Amino acid sequence: MIKNWRLPGNKAEQIDALASLVECYDEGICVDRDERKANKFERKVAMLGDAGSQKNLSLSYAQGIGVKNNLAAASMWCGKAAAQGHAVAQTIS
């Protein structure tokens, strides 16, 4: 388990650091694979405004992967990504 880590101060660095944690938990790199934890960190990245993470979180909510299936949340996150110009999100929102 990853413990005692701190986020860098720069927003772009925070997004990169959290995205790395998403990948670790999503793929089981150096930690046990855990979709719930991956989505916890994905949400943090999405809240920082990353359109790719917003789209990914939308798909997780739509499919119930690591989170409870919630179409309203899926639609909200997909809309946020689409509003930022994310091409895939624009085709599914």
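Per residue, the solvent-accessible area of the chain (1.4 Å probe, heavy atoms of protein chains only, all protein chains present) comes to 62 Å². Between Leu48 and any residue 5 or more places off or on another chain, the built amide H atoms are never under 5 Å apart. Measuring nothing but alpha carbons in the stretch 26-93 and taking Rh as the Kirkwood radius, the Rg to Rh ratio lands at 0.99.
Pairs of Lys residues in the stretch 1-92, spaced 8 or more positions apart or belonging to different chains, with C-alpha separations under 22 angstrom: 21 in total.
Considering helices alone, the calculated mean residue ellipticity of the chain at 222 nm is -21000 deg cm²/dmol, with DSSP H runs of length four and up weighted by -39500 (n - 2.57) and normalised per residue.
The values are calculated or read from the model by the stated rules, or taken from the named source; none is laboratory data. Just so it is clear, the structure is predicted and the values come from calculations on it, not from any experiment. Areas reflect the complete protein model, heavy atoms only, side chains present, ligands, DNA and RNA absent. Shrake-Rupley method; radii C 1.70, N 1.55, O 1.52, S 1.80 Å.
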